[in-house]
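Trainee: Provided herewith is a single structure, encoded as structure tokens, for subsequent inquiry.
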Amino acid sequence: MALRYVSTRGSGAAADMGSFQAILLEGLAQDGGLAMPVSLPQVSLTELQRFAGLGYSELATEIISRFADDLDVDLVGRLCGQAYTAEKFGSTEIAPLTPLGQEQDAPLAILELSNGPTLAFKDMAMQMLGQLFEYVLTQRGETLNILGATSGDTGSAAEYAMRDKHAVSVFMLSPQGRMSAFQRAQMYSLQEPNIHNLAVDGVFDDCQDMVKAVSADLAFKAKWRIGTVNSINWARIMSQVVYYFKGYLSAVKTYGLRVGDRVSFSVPSGNFGNVFSGFIAKSMGLPTGKLIVATNENDVLDEFFRTGVYRVRAAKETYQTSSPSMDISKASNFERFIFFMTGCDGAATASLWRELAHTGQFDLKLAHPQAWQRVQASGMVSGKSMHANRLETIRDLDQRYGRVVDTHTADGVFVGRRYLEPGVPMVCLETALPAKFEESILEALGRPAPRPAGLEQLESLPQRVEHIGQDVAELKRLIAQRALR
Ligand SMILES: *Cc1c(COP(=O)(O)O)cnc(C)c1O
């Protein structure tokens, strides 16, 4: 029987959400919870040994087919093969491991996850999502109109993943004049008729509010088959699990370790999707040392792992930083982690999120001491990196190793260095390329970031974007005109 998914806020039979294909497109339960597999498939050391000989898309097939087991394995293999090509990701390795050096007797390395079409790690999961959506929708004879808001990385990754799909269109709102010239050019230069770039006269939160307003109109949403690709989508989490296995096996090979030895990971974190995928990998049996949650000045997650208190921030308490993709006030995927820490107790999770809705915070130590004990035994630790830390880290890595990293990756390296253990490789996840955040690289190094070949002229390509006001009625009219039938 296929693996079932349950709501993080459900109890008993009411928690059931069906198998993978039932949760693929949405993943949000009626009770407001998020889809989680009822149990995690396990990978033995013998299997891990066998995985060492696989290429990225074969490895992805091994992992993904265990979560998406209502799809034929050969089909999953074909979709992975189409998602992870050398042409899209710049090398047959897809996610190469680059050793930096030895620090305090620990090998320090970078796992390159940002060589995809939009130069950020979100491509890794989004390309797979594009393949899965196209297959399942075509099979059902359906179409989907994706509506989203972006401040940069998510929107472009979604557009590049969906641009050549027939069953999907994308309506992406972005704040007029608030993205970098590079980010604008990346999105707005797409000419495919199923991609609709809408520049809103406002800030990111205004865009987000418009998306929420449209989604709240359930009749409209159903009529035009509106969907999302936001960070709570389970298929994104599942696809990200793969690169922890890849990073682990590459580290074992590079440093001459044995399968079974520990490897630590440091992860620049915002919505807690990436590092949570690492936690899933660990829970499936990957021999993981520390799993490090690195935050920027927006330290909601660091505060939790230090104190047990989860306190979401208001929009005006959310700082605009030089690692902007981590500027979050609450971490959407955190609910899945807490559900797991409560021993998959949907009633306990629902009660914590009710408290959160009323008071803006909860204290896990007090509310659920046993869950807090599990957090402390989970191997997850945290740290915070500020503007000066990340610039200093960018300079240091450039001088020491001749390697330029972006601001988010720098946050991960800065915090990761605090947790080095002799003999245990520290794999720092590269979540974007420096070319995407040019101003900060210029500030740190006094010279511009290197640009990948082929993108030198990006800003001079013709752009296709429509400007709209903060007007939900106007947005709905536009969707009704352009949506796929
Ligand atoms: C999205 C993003 C992050 C944060 O990842 P989460 O999965 O939301 O924790 C970090 N760095 C970059 C460059 C990103 O685009």
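Trainee: How big is the charge dipole of the chain about its Cα centre, in debye rounded to the nearest 20, if each Lys and Arg gets +1 on its Cβ and each Asp and Glu gets -1 on its Cβ? Write down the numbers at each step before the final one.
Mentor: Working: 47 positive and 53 negative charges, 104 e Å.
Dipole about the Cα centre, nearest 20: 500 debye.
Trainee: Next up: Considering only protein heavy atoms, what per residue accessible area in square angstrom results for the chain with a 1.4 angstrom probe?
Mentor: 38
Trainee: May I pose another question? Please give the contour-minus-distance gain from GLU459 to ASP205: 0.36 nm per residue of separation, less the Cα-Cα distance, rounded to one decimal in nm.
Mentor: Additional length available on full extension: 88.9 nm.
Trainee: From the protein chains alone at 1.4 Å, what is the descending order of accessible area for GLU87, GLU142, largest first?
Mentor: Highest to lowest solvent-accessible surface, that is GLU87, GLU142.
Trainee: Leaving out ligands, DNA and RNA but keeping every protein chain, what accessible area does GLU459 have, in Å² rounded to the nearest 10, with a 1.4 Å probe?
Mentor: Near enough 70 Å² of accessible area.
Trainee: Multiplying the sequence separation of ALA219 and GLN104 by 0.36 nm and subtracting their Cα-Cα distance, what value in nm do you get?
Mentor: Stretched fully, the ALA219-GLN104 segment lengthens by 35.5 nm.
Trainee: Same structure, new question: Which of the aspartates and glutamates could be linked to LYS122 by a straight reach, that is with a Cα gap under 13 Å, when you skip same-chain ones fewer than 8 residues away?
Mentor: Leaving aside aspartates and glutamates fewer than 8 places away in the same chain, those within reach of LYS122 are GLU112, ASP153, GLU159, GLU430.
Trainee: Considering only C-alpha atoms, what is the centroid distance from segment 341-357 to segment 452-469, in Å?
Mentor: Cα centroid of segment 341-357 versus Cα centroid of segment 452-469: 44 Å apart.
Trainee: In what sequence, highest mean first, do 238-246, 398-406, 170-178 appear when ranked by Cβ atoms within 10 angstrom?
Mentor: 238-246, 170-178, 398-406
Trainee: Now, a different point. How high is the relative contact order of the chain? Use alpha-carbon pairs under 8 Å, at least six apart in sequence, and give a whole percent.
Mentor: Numbers: 949 pairs, mean separation 93.0, N = 485.
After rounding, I find 19 percent.
Trainee: When DSSP assigns beta bridges and you keep just the ones with both residues in segment 61-196, what percent turn out antiparallel, to the nearest 5?
Mentor: Just about 45 percent of them are antiparallel.
Trainee: Quick one: of the DSSP bridges fully inside the chain, what percent are antiparallel, nearest 5?
Mentor: 30
Trainee: Another question, then. Residue by residue, what Karplus-based ³J(HN,Hα) values in Hz, rounded to whole numbers, does segment 408-421 have, using 6.51, -1.76 and 1.60 with θ = phi - 60° and x for Gly and Pro?
Mentor: 5, 4, 4, 4, x, 5, 4, 6, x, 4, 6, 10, 5, 10
Trainee: Filter LYS212/LYS365; LYS290/LYS330; LYS223/LYS316 down to the pairs with a C-alpha to C-alpha distance above 25 Å, please.
Mentor: Values: LYS212/LYS365 33 Å; LYS290/LYS330 23 Å; LYS223/LYS316 35 Å.
Result: LYS212/LYS365; LYS223/LYS316 exceed 25 Å.
Trainee: Here is a follow-up. If you place +1 on the Cβ of every Lys and Arg and -1 on the Cβ of every Asp and Glu, how big does the dipole about the Cα centre of segment 13-118 come out, in debye to the nearest 20?
Mentor: Dipole size: approximately 140 debye.
Trainee: Give the residue from PRO175, THR321, LEU71 lying farthest towards the positive end of the charge dipole for the chain; charges sit on Cβ (+1 for Lys and Arg, -1 for Asp and Glu) and the dipole is referred to the Cα centre.
Mentor: LEU71
Trainee: Just name one of HIS166, ALA483, PHE334: the one whose Cα is farthest towards the positive end of the charge dipole of the chain (beta-carbon charges, Lys/Arg +1, Asp/Glu -1).
Mentor: So the residue furthest toward the plus end is PHE334.
Trainee: Okay, moving on. About the Cα centre, and with charges only on the beta carbon of Lys, Arg (+1) and Asp, Glu (-1), how big is the dipole of segment 144-250? Nearest 20 debye, please.
Mentor: With only Lys, Arg, Asp and Glu charged at Cβ, the dipole is about 340 debye.
Trainee: Once neighbouring chains are kept in place and the probe is 1.4 Å, which whole percent of the accessible area of the chain is contributed by carbon and sulfur?
Mentor: Carbon with sulfur: 51 percent of the solvent-accessible area.
Trainee: Moving to a separate point now. Take the chain, drop everything but the C-alpha atoms, weight them equally and run the Debye formula without solvent; then report log10 I(q)/I(0) at 0.10, 0.11 Å⁻¹ to two decimals.
Mentor: Reported log10 I(q)/I(0), two decimals: -0.73, -0.90.
The values are calculated or read from the model by the stated rules, or taken from the named source; none is laboratory data. Small disclaimer: the values here were computed from a predicted structure and weren't measured. When we count neighbours, we look across all protein chains shown, and the Cβ atoms used for this are built from the backbone with ideal geometry, even at glycine. Please note that ligands, DNA and RNA were not included when accessible areas were found on the heavy atoms of the full protein model with its side chains. Shrake-Rupley method; radii C 1.70, N 1.55, O 1.52, S 1.80 Å.
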